[in-house]
1. At 7 Å along the Cα-to-beta-carbon direction for both Phe62 and Leu32, put a label point, then send me their distance in nm to one decimal.
2. Just going by the charge dipole of the chain, with Lys and Arg at +1 and Asp and Glu at -1 on Cβ, which of Leu63, Ile46, Leu28 is farthest out on the positive end?
3. Taking only Cα atoms, what is the 0 to 90° angle, nearest 10, from helix 49-63's long axis to the longest principal axis of the chain?
4. Rounded to the nearest 0.05, what FRET efficiency do Ala50 and Ala11 have when you use their Cβ-Cβ distance and R0 = 35 Å?
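Taken together, the values in this text are just the output of simple stated rules run on the coordinates, not laboratory data. What you see is a predicted model; the values in this text were computed from it and never measured. Because the Cβ atoms are built from the backbone with ideal geometry, glycine has one as well, and the counts that use them run over all protein chains shown.
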Amino acid sequence: MDSSSAGPAPAPAVYPLPAPDDDPRFSLGLVLDLAAVLAEHGYPPITSGADLLNLQQALFGFLYALDVT
């Protein structure tokens, strides 16, 4: 296949964002909203604190780049 039929190049990734000192958008409410969306899509509801904490950590890791230098 030649490059003329490949279509447009994908947009560059936006995430992860630079890690802020504080971001009021990243809240328990955001994590609970995400948990509700997962349940609405047929995933088991999040009922344990451990699962909620794991979701919060995974979401933070997706959203923000951690500087480990």
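1. Those two pseudo-labels are separated by 2.0 nm.
2. My answer, from the dipole projection, is Ile46.
3. It works out to around 30 degrees.
4. 0.50
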